[in-house]
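Engineer: Please see the structure below; I have some questions.
The values are calculated or read from the model by the stated rules, or taken from the named source; none is laboratory data. Bear in mind the structure is a predicted one, so any value in this text is a computation, not a measurement. Don't worry about glycine lacking a Cβ; one is built from the backbone with ideal geometry, like all the others, and counts go over all protein chains shown.
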Amino acid sequence: MKLKRACGTLVHPTSFPSDFGIGDFGAGAYRFLDFLVETNQSVWQILPLGPTGYGNSPYASYSAFAGNHYLISPDVLVKKGLLTEKEIGSSRVAASTKADYDKAFSIKDQLFVHAANRFYEKLSGEELQKFEAFKKENEYWLDDYVLFRSCLDFHGKQPWNTWDKELASRKKKALDAWRNKLDTEIKFQYWAQFEFFTQWMALKSYANDRGISVVGDIPIFVDHNSSDVWSNLKYFEVDKNGNRLLVAGVPPDYFSKTGQLWGNPLYKWKVLEKDGFSWWLKRFEQMFAMYDSIRVDHFRGFDAYWEVKADAKTAEVGRWVKGPGKKLFHTILGKFGDVPIIAEDLGVITPGVVELRDGFGFPGMKILQFSLAGEAVNSFLPHNYHTSNCVVYTGTHDNDTTRGWYSQASDVEKHWAREYTRSDGREIHWELIRLGIMSVADLAIFPLQDFMGLDTEHRMNLPGTTDNNWVWRYTDGMLKSVQKEYLKHIINISNRNTRVRQEDTNIVEIDAEDAN
């Protein structure tokens, strides 16, 4: 699918301002979308929205299909009559630039139990029909997830393969017994998923109605401690007891000298292929319903992936194994047509990865922080973009902020940054933003931290580490401090001042002046 020439912002909902410990789908999210409209941006990119597990990483989720119900806004629940102002008033916490997940979970767990109880007490008529339709439409994953999540919470988040053997192996008698035992918890999980998707789709509609398209993110791998693995053992490299045999990662690279040992169980691609890739088709179907386009994380893993034995301490020792490649994407395109996919093609890129990406016309990614290493032939430098069918970033969620990167860059990198941008480097974040916006890349997307000119303290994630990641947040005052007029100006003069509005199934290109 050909991308529209546009500009956008990368920020995850947990980073939004809110009064409940982490960002959510409340007023802060809508104010952010208004900021995009005000600056003539037309794209919002986010990280995965699944329920997070260890470390609160969006890339380590309890489900590839479910939503993170902690993103539900208590303020929205008040408007629906499911909570009272008094109840949420005593639960509010001070604004912060760091997410407090523990406090947020504690606050929202209590509030959401009240909301779910009132939901079921009032459930009737049109709302009942919507609820039942939601359960029916999502039964492929939902019934397994609500049971899994209820059992997971009952067992203190311990991995499912440590549970009672009959439950871990999904014996029908055990499943029926646990459904009966955890009936109240299961009802809560059904409501939580219904409310999550209701609030998310309302937020997405607000964006689309204002000419803003949403880019979602689909991780290639799923977490071992997930409903997906528990419910579909035959698709994963685990033994009969659910223990991992082969896991995912990447060899030593820019981010880590010992590689990155992710620990996700690898797929049995031959089994998936024999099944017509049905699990992947369901996964993409849901993603296309939730987002306007999708960034496919670790795209190179579909061509070849790094295989590591489960008992390895690092990812240094492993081997490259051929992935599903064209077979999978032919199946996906055959099912869904010309789909809006962005390939995260960073890391070790081989001719096979390039062939897979370009063969399907998927735009790749260009990272400006990677371009200024002193080599004029660097493929991330804008003068080397051989096609406009790409997305340019200053950095991703895995990079330092641009100011942080520059402060720690080598003398060579700093020299190249100043020479290439013809600047003194004092506002290097704006220099690289301008460089990306003026490039031929169809899409130019930048982390919100760079629009704010923030330093290393505000980076989102440091790959290969487990502490202090995924916690960055901003305040309303920080958003107001962005140089909106300058941003709007460079978007306008670079011919990126159009937004895409979804009207039924027709995509209409509109001028930003008319949209305001």
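Engineer: How about the range 258-315: which helices (runs of 4 or more DSSP H) wholly inside it have at least 3 residues that are in contact (Cβ under 8 Å) with a residue 60 or more places away in the chain?
Structural biologist: The qualifying helices (runs of 4 or more DSSP H) are 278-290.
Engineer: Out of all the residues in the range 106-127, which are over 20 Å from residue 21 (Cα atoms) and surrounded by 12 or more Cβ atoms within 10 Å (Cβ to Cβ)?
Structural biologist: 116, 117, 118, 119, 120, 122, 123, 127
Engineer: On the basis of being of a type in the set (Gly, Ala, Ser) and more than 30 Å from residue 433 (Cα to Cα), does residue 334 make the cut?
Structural biologist: yes
Engineer: Based on this model, can you work out whether residue 254 counts as within 30 Å of residue 75 (Cα to Cα), surrounded by fewer than 19 Cβ atoms within 10 Å (Cβ to Cβ) and either acidic (Asp, Glu) or touching a residue at least 60 places away in the same chain (Cβ under 8 Å) (or both)?
Structural biologist: Criteria not met by residue 254.
Engineer: Please verify whether residue 400 is over 26 Å from residue 2 (Cβ atoms), surrounded by fewer than 17 Cβ atoms within 10 Å (Cβ to Cβ) and either free of Cβ contacts under 8 Å to residues at least 12 places away in the same chain or not polar (S, T, N, Q) (or both), treating the condition exactly as stated.
Structural biologist: Taking the combined requirement at face value, the residue does not satisfy it.
Engineer: Considering (1) more than 22 Å from residue 229 (Cα to Cα); (2) touching a Ser or Thr at 6+ places or on another chain (Cβ under 8 Å), say which one residue 186 fails and leave the rest.
Structural biologist: That leaves (1) as the condition not met.
Engineer: Check residue 516 against each of (1) surrounded by fewer than 21 Cβ atoms within 10 Å (Cβ to Cβ); (2) at pLDDT 95 or above and name the one condition it does not meet.
Structural biologist: Among (1) surrounded by fewer than 21 Cβ atoms within 10 Å (Cβ to Cβ); (2) at pLDDT 95 or above, the lone unmet condition for residue 516 is (2).
Engineer: Of all residues being in contact with a Pro (Cβ under 9 Å, 6 or more places away or on another chain) and not hydroxyl-bearing (Ser, Thr, Tyr) in the range 348-385, which is surrounded by the fewest Cβ atoms within 10 Å (Cβ to Cβ)? Just the residue, please.
Structural biologist: 348
Engineer: Given the conditions (1) under 26 Å from residue 257 (Cβ atoms); (2) without any contact (Cβ under 8 Å) to a residue 60 or more places away in the chain, which single one is not true for residue 348?
Structural biologist: Condition not satisfied by residue 348: (2).
Engineer: Would you check which residues across the range 63-72 are under 14 Å from the mean Cα position of the chain (by Cα), in a loop (DSSP other than H, G, I, E, B) and of a type outside the set (S, T, N, Q) and list them?
Structural biologist: 64, 65, 66, 67
Engineer: Between a first residue in the range 188-199 that is more than 14 Å from residue 117 (Cβ to Cβ) and without any contact (Cβ under 8 Å) to a residue 24 or more places away in the chain and a second residue that is basic (Lys, Arg) and not in a helix (DSSP H, G or I), which pairs have beta carbons less than 6 Å apart while being 6 or more apart in sequence or on different chains?
Structural biologist: Matching pairs, first to second residue: none at all.
Engineer: Right, residue 97: hydroxyl-bearing (Ser, Thr, Tyr), touching a Ser or Thr at 6+ places or on another chain (Cβ under 9 Å) and crowded, with 16+ Cβ neighbours inside 10 Å or not?
Structural biologist: no
Engineer: Is it the case that some residue within the range 40-55 is within 24 Å of residue 156 (Cβ to Cβ), within 22 Å of the chain's Cα centre (by Cα) and among the aromatic types (Phe, Trp, Tyr)?
Structural biologist: yes
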